[in-house]
Amino acid sequence: MSDYDVELRRVTKRFGQVIAVDDVSFGIRRGEFFSLLGPSGCGKTTIMRMISGFETPTRGEVFIAGEAMAARPPYRRPTNLVFQHLSLFPHMTVFQNIAFGLEMKWKGKAEIRDRVERMFALIQLPGFAERKISQLSGGQKQRIAIARALVNEPTVLLLDEPLGALDLKLREQMQLELKRIQREVGTTFVYVTHDQKEAITMSNRIAVMDAGRVEQIDDATTIYERPRTPFVAGFIGETNLFRGRLVDSGTVACEAIAIRTGAADGAGAGAPVHVSVRPEKVRIGSRAEALPNAFTGAVDEVVYQGATTTYRVDIGGGLDVLATVQNAEVGRLYDRGDRIAVGWEPEAAVVIPETAP
């Protein structure tokens, strides 16, 4: 039996002259919460539709639980889908909505009731069986949609931006709920989103996509701390991204400054590279002055965010540095026009080859 619940082997999808997915290969392990992350139009939903069978690859193969899916229509694949628009049946009770798929499979009444009751316990909505869909909140509707998809016990649950219509606070609550539900049932979840924080919060691994290709697949920590391409560095959270040339394994010449860096893998002296420095790893004021990478500039912008403040500092030569600091750790708040030092340790500066490996 395959170690992967989903596997794509050199999959390409064309729509006329447009290449939506370009020679993509990866595997999703059994029981993983796996996210496809990228901007609109990058190909992530097309991949999901090819897994579910609603699109056919132009080239390449899709496997689910080790079996090729080319000859299987959507209704015969061991998958289920949850979309942003939940398509719950308003004329049915909550119980009837969850039970619908089981009834279509001609399951017995006792089995249906047992499996639906287990779903109510899983989504933590006891006593909701006879409620109408119109009586539910947005978060409750999301849970019902998840339960309706899971009650059929699919090998893979596909979720296409299911939280997009919720407000921020409810969306954050549902992220934790989805993670809990997936952990308890152990079903493989494939989640499509353009929201970086959402993917980082929930996923075991993330595939970051751009222009039909997978830029990087890794766990959330590695994606954030060790991006392999300039696109990943810039798309996942905020970053300072400097372009320059590698002088040696620990120095990059960028515009008018030289940056001391961590080890540079995959690039030789003289190679064009980018350097990524996360704003929260930048120190300011007296805490920055003695660091190996220390520069002085004028505060150009101040964004107060309660617990933190982000400063944009013009260090000259057309270069700006973003620094996000904990307000409790800084003796004062700076204003636009103030001159301050900014700096960071070499280990905070990640070298990224101009050409991805």
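Reported to two decimal places, what Rg/Rh ratio describes the chain when computed on Cα atoms with Rh from the Kirkwood expression?
Details: Rg = 24.3 Å, Rh = 22.9 Å.
So for the chain, dividing Rg by the Kirkwood Rh gives 1.06.
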### Task
Report the full-extension gain for the segment Glu67 to Arg131: residue separation times 0.36 nm, less the Cα-Cα distance, to one decimal in nm.
19.1 nm
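Given the DSSP H assignment, sum -39500 (n - 2.57) over each helix run of at least 4 residues in the chain and divide by its residue total; what's the result at 222 nm in deg cm²/dmol, nearest 500?
Numbers: 8 runs with 84 residues, N = 357.
So the helix-based figure for the chain works out to -7000 deg cm²/dmol.
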### Query
By counting other Cβ atoms within 10 Å of each Cβ, how are Ser137, Ser35 ranked from fewest to most?
Ser137, Ser35
#### Entry: Pair-distance profile P(r), taking every C-alpha pair of the range 194-268, with 5 angstrom steps and integer %
3, 14, 23, 21, 16, 12, 9, 2, 0
### Query
Computed FRET efficiency, Cβ-Cβ of Glu184 and Ala298, R0 35 Å: what is it to the nearest 0.05?
0.10
### Query
Mean separation of Cα pairs under 8 Å and 6+ residues apart, divided by the residue count of the range 189-317: what relative contact order is that in percent?
14 percent
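Between Arg9 and Lys109, what FRET efficiency comes out of the Förster formula 1/(1 + (r/R0)^6) with R0 = 35 Å and r the beta carbon distance, rounded to 0.05?
Values: r = 42 Å, r/R0 = 1.21.
Result of the calculation: an efficiency of 0.25.
Using Cα pairs under 8 angstrom and six or more residues apart, how large is the relative contact order of the chain, in percent? It would help to have the intermediate numbers written out before the result.
On the way: 761 pairs, mean separation 55.7, N = 357.
After rounding, I find 16 percent.
Scaled to the compact-protein estimate 2.2 N^0.38 Å, what is the alpha-carbon radius of gyration of the range 1-133, rounded to two decimal places? Please list the in-between numbers first.
Working: Rg = 17.9 Å, N = 133, 2.2 N^0.38 = 14.1 Å.
Its radius of gyration relative to the 2.2 N^0.38 Å reference: 1.27.
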### Task
Choose one answer from Gly318, Gly53, Gly337: the residue with the largest mean-square fluctuation in a GNM of the chain with alpha-carbon springs under 10 Å.
Gly318
### Cross-link partners of Lys44 among lysines (Cα-Cα below 27 Å; sequence separation of 8 or more within a chain)
Lys13, Lys141, Lys169, Lys179, Lys197
### Query
If you wrap a convex hull around the Cα atoms of the range 238-353, how much volume per residue is inside, in Å³?
88 Å³
### Message
Just to check I understand the Karplus step: with θ = phi - 60° and J = 6.51 cos²θ - 1.76 cosθ + 1.60, what whole-Hz values come out for the range 146-152, glycine and proline as x?
### Response
5, 4, 4, 6, 7, 4, 7
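When only DSSP loop residues count, what GluC sites (Glu not before Pro) in the range 110-213 have their Cβ near at most 10 other Cβ atoms within 10 Å?
Those satisfying the criteria are Glu130.
Quick note: the coordinates plus some simple rules give every number you see, no bench work behind them. Quantities reported herein were computed from a predicted structural model and do not represent experimental measurements. Don't worry about glycine lacking a Cβ; one is built from the backbone with ideal geometry, like all the others, and counts go over all protein chains shown.
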